[in-house]
Amino acid sequence: TDFCSVDRRLLATCYVPLEDFSRAAATAGLAIQLGAKALLVPSRPPQAHGPSHTGLDPVWAMAQEASIPVLFHVGGEEKMADIYNENGRPRVKDFHGGEENFNALTYMPIPHSVMNTLAALIFDGVMDRFLKLKFGAIELGASWLPGWMRNLDSAQAAFSKNEERLRRLSARPSEIVRRQVRVTPYPHEDTGWIVRHAGEEICLFSSDFPHVEGGRNPLKRFDESLLPVADTQRQKFYAENFID
């Protein structure tokens, strides 16, 4: 928060581990007191309880009261088991030239943890208990979004007869996603396709500047991908959904 205080364009995000209920609440309270504009939590689940456990409700309540979002970011997910890299061939170098980072194969499970965690937060009613709270999946890609939303609705249709929690939901899971979840596509993804199939309310612009992962010209890539969508949808992607 000190680093970001020098420029109003810098919005501090503060990390809140969720392993211990009381310490998570205390950390969230301190972050808000210091001026955090978002709380960052891991997308992988805590070790002793689920991310939708009622013991974490004070954290969500404080974020909602402060009108700041809860964010997930790449790095906080469960990683692909390293055994997949043991394929009888030389290790594949990543784009930095090393072997310890990620490659095309280890890229694949990046969104898996956030998909599961957000599903738990929806199915267990967290987003309904905190209707004004927004959640953001940042630098976790977005190509997974349309199919995941449909899978959420399929799960509700398949299990609502036996699961009261699904019958109590305020809306279809995909509608709850549109209401409360925001996601940043990578520049190399087909953002126009994602917007058309997931809805115009969800996707946010991001560049990952100054990291090399964002590419040399993310605006050009996003603009080209967004050509088939309406100007109002482009405005939502570049500005309005972030403000929301």
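The values are calculated or read from the model by the stated rules, or taken from the named source; none is laboratory data. Here the structure is a predicted model, which is why all the values come from computation and not from measurement. Here Cβ is always computed from backbone atoms with ideal geometry, including for glycine, and neighbour counts include all displayed protein chains. Areas reflect the complete protein model, heavy atoms only, side chains present, ligands, DNA and RNA absent. Shrake-Rupley method; radii C 1.70, N 1.55, O 1.52, S 1.80 Å.
A few comments on the model shown:
- Counting every pair of alpha carbons in the range 51-160, the share spaced more than 20 Å apart comes to 53 percent.
- Each of 130, 68, 5 was placed along the dipole of the chain (beta-carbon charges, centred on the mean Cα), and the one lying farthest toward the positive end is 130.
- Potential extension, residue 105-residue 129 segment - 0.36 nm per residue separation minus Cα distance: 4.9 nm
- Percent accessible area from carbon and sulfur atoms, the range 128-221, protein chains only, probe 1.4 Å: 52
- Label-point gap, in nm, between residue 154 and residue 85 - each point 7 angstrom along Cα→Cβ: 3.2
- Solvent-accessible area of residue 110, all protein chains in place: 10 Å² (probe radius 1.4 Å, heavy atoms, ligands and nucleic acids excluded).
- Across the range 234-243, rounded Karplus estimates of 3J(HN,Hα) from the backbone phi angles (6.51 cos²θ - 1.76 cosθ + 1.60, θ = phi - 60°) give 5, 5, 5, 5, 7, 9, 5, 5, 5, 4 Hz, Gly and Pro being marked x.
- GluC sites (Glu not before Pro) restricted to DSSP loop in the range 22-109 with at most 10 other C-beta within 10 Å: 86, 100
- In the chain, the DSSP-assigned H stretches of four residues or longer account for a calculated mean residue ellipticity at 222 nm of -10500 deg cm²/dmol, using -39500 (n - 2.57) per stretch and the full residue count as denominator.
- Mean shadow area of the chain over all directions, Cα convex hull, nm²: 15.2
- For the range 34-100, applying the loop criterion from DSSP together with a ceiling of 15 other beta carbons within 10 Å to the trypsin sites (Lys or Arg not before Pro) yields 79, 91, 93.
- The accessible area of residue 160, taken with all protein chains in place and a 1.4 Å probe, comes to roughly 30 Å².
- Accessible carbon and sulfur surface of the range 10-78 relative to its total accessible area, %, 1.4 Å: 56
- A 1.4 Å probe run over the protein chains yields, for the chain, 56 Å² of accessible area per residue, whole-number rounding.
- For residue 181, nonlocal amide neighbours, meaning residues 5 or more places apart or on other chains whose placed amide H falls under 5 Å from its own, are 135.
- For the range 44-49, backbone phi angles converted through the Karplus equation (6.51, -1.76, 1.60; θ = phi - 60°) give residue-by-residue couplings of 6, x, x, 7, 10, 7 Hz, Gly and Pro being listed as x.
- Comparing Cα centroids, the range 103-151 and the range 1-69 end up 18 angstrom apart.
- Using the Cα coordinates of the range 20-100, the gyration tensor eigenvalues translate into equivalent-ellipsoid semi-axes of 35, 16, 9 Å, sorted from longest to shortest.
- Over the range 109-244 - Rg/Rh using Cα atoms and the Kirkwood inverse-distance radius: 1.00
- Phi to ³J(HN,Hα) by Karplus 6.51 cos²θ - 1.76 cosθ + 1.60 over the range 137-150, Hz, x for Gly, Pro: 9, 10, 6, 10, x, 8, 4, 6, 4, x, x, 4, 4, 5
- Subset of 161/236; 132/220; 37/220; 79/134; 37/93 violating a 30 Å alpha-carbon distance limit: 161/236; 132/220; 37/93
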